[in-house]
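Colleague: This is the structure I have questions about; it appears just below.
The values are calculated or read from the model by the stated rules, or taken from the named source; none is laboratory data. Note that the coordinates shown come from a computational prediction; the quantities given were computed from them, not determined experimentally. Because the Cβ atoms are built from the backbone with ideal geometry, glycine has one as well, and the counts that use them run over all protein chains shown. For the accessible areas, the whole protein counts, side chains as well, though only heavy atoms, and no ligand, DNA or RNA atoms are used. Shrake-Rupley method; radii C 1.70, N 1.55, O 1.52, S 1.80 Å.
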Amino acid sequence: MPEGLGGPEQPDPVSPGREVAALLQRYWADLQSERNRVQKESAAARKILTELAVHVARLDGLLREAAGPLEASGAKSLGRRLHVARKQVLEPLHAMDITTQDPTGKPYESVADEVDIAGWRYGPEFTAEVVAETLEPIVLDRGTVVRLGQVIMGAPLSAGTENDA
């Protein structure tokens, strides 16, 4: 039959391969979008866990300080319960491979890239530049430093007078 005499033209049918390809492209785009959303949420959660790790480390330091006085005052069982609670708080962080390091006592050279120095102390108790006090620990996520520690450095008296001159 000549063209145009048999009625309106029929559109070319879409091949099944083309339909599947279009469907796969749509699903791939949806999958990528979901992946991006999950990555953003995961990064936000890890950031919160990093902050939590700092506070847990502070609490851990306070609990360690309090252990002796608690035992001396006859509250040894309270000290043990606090120790158990400390471990319970640390377990989920460690399960996510988020850890902290207290650099107190370490030489400056070994922590220079992992800390921010908040101040200096000079005294005869220091024979070299070392971390005298940790204000905030170094936080690691899967072994990588994600938050620098905040420290007070200690140095010999002679270092303080040389720097001041």
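Colleague: Of a type outside the set (Asp, Glu), in contact (Cβ under 8 Å) with a residue 60 or more places away in the chain, out of contact with any Phe, Trp or Tyr (no Cβ under 9 Å at 6 or more places or on another chain) and buried (at least 18 other Cβ atoms within 10 Å of the Cβ), is that true of Pro103?
Modeller: no
Colleague: Which numbered condition trips up Leu59, out of (1) under 29 Å from Leu140 (Cβ atoms); (2) at pLDDT 90 or above; (3) of a type outside the set (D, E, K, R)?
Modeller: (2)
Colleague: Also, I was wondering about something else. Looking at the range 121-130, is at least one residue among the small types (Gly, Ala, Ser), open to solvent by 50 Å² or more (accessible area, probe 1.4 Å) and either at positive phi or at pLDDT 90 or above (or both)?
Modeller: No: zero hits.
Colleague: Then there is this: Of all the residues that make up the range 133-146, how many are more than 14 Å from Tyr108 (Cβ to Cβ), touching a residue at least 24 places away in the same chain (Cβ under 8 Å), open to solvent by 60 Å² or more (accessible area, probe 1.4 Å) and not in a loop (DSSP other than H, G, I, E, B)?
Modeller: 1
Colleague: Then there's this: Which one of these is hydrophobic (A, V, I, L, M, F, W, C) and at pLDDT below 95: Ala165, Ala155, Ala118?
Modeller: None of the others qualify; the one that does is Ala165.
Colleague: What's the total number of residues in the range 67-95 that are under 19 Å from Arg147 (Cα atoms) and surrounded by 16 or more Cβ atoms within 10 Å (Cβ to Cβ)?
Modeller: Adding up the residues that qualify gives 2.
Colleague: Name the single residue, out of those in the range 100-132 being small (Gly, Ala, Ser) and part of a strand (DSSP E or B), that is nearest to Val54 (Cα to Cα).
Modeller: Looking only at the range 100-132, we keep the residues that are small (Gly, Ala, Ser), and these are 105, 110, 112, 118-119, 123, 128, 132.
The next check asks that each one be part of a strand (DSSP E or B); those that pass are 118-119, 132.
Numbers: Ala118: 16, Gly119: 19, Ala132: 18 Å.
That would be Ala118.
Colleague: Please work out which one of (1) modelled with pLDDT under 95; (2) more than 18 Å from Ile48 (Cβ to Cβ) is the condition Leu93 fails and give its number.
Modeller: With respect to (1) modelled with pLDDT under 95; (2) more than 18 Å from Ile48 (Cβ to Cβ), Leu93 is out only on (2).
Colleague: Tally the residues that are exposed (fewer than 12 other Cβ atoms within 10 Å of the Cβ) and over 15 Å from Val145 (Cβ atoms), restricting the search to the range 106-118.
Modeller: Number of matching residues: 1.
Colleague: Go through the range 35-50 and give me each residue that's surrounded by 11 or more Cβ atoms within 10 Å (Cβ to Cβ) and free of Cβ contacts under 8 Å to residues at least 24 places away in the same chain. Reasoning before the result, please.
Modeller: Taking the range 35-50 and keeping what is surrounded by 11 or more Cβ atoms within 10 Å (Cβ to Cβ), we get 45-47, 49-50.
If the condition is that a residue be surrounded by 11 or more Cβ atoms within 10 Å (Cβ to Cβ) and free of Cβ contacts under 8 Å to residues at least 24 places away in the same chain, then Ala45, Lys47 are the ones that fit.
Colleague: What number of residues within the range 69-99 are assigned to a helix (DSSP H, G or I), among the aliphatic types (A, V, I, L, M) and over 27 Å from the mean Cα position of the chain (by Cα)?
Modeller: Here the count works out to 3.
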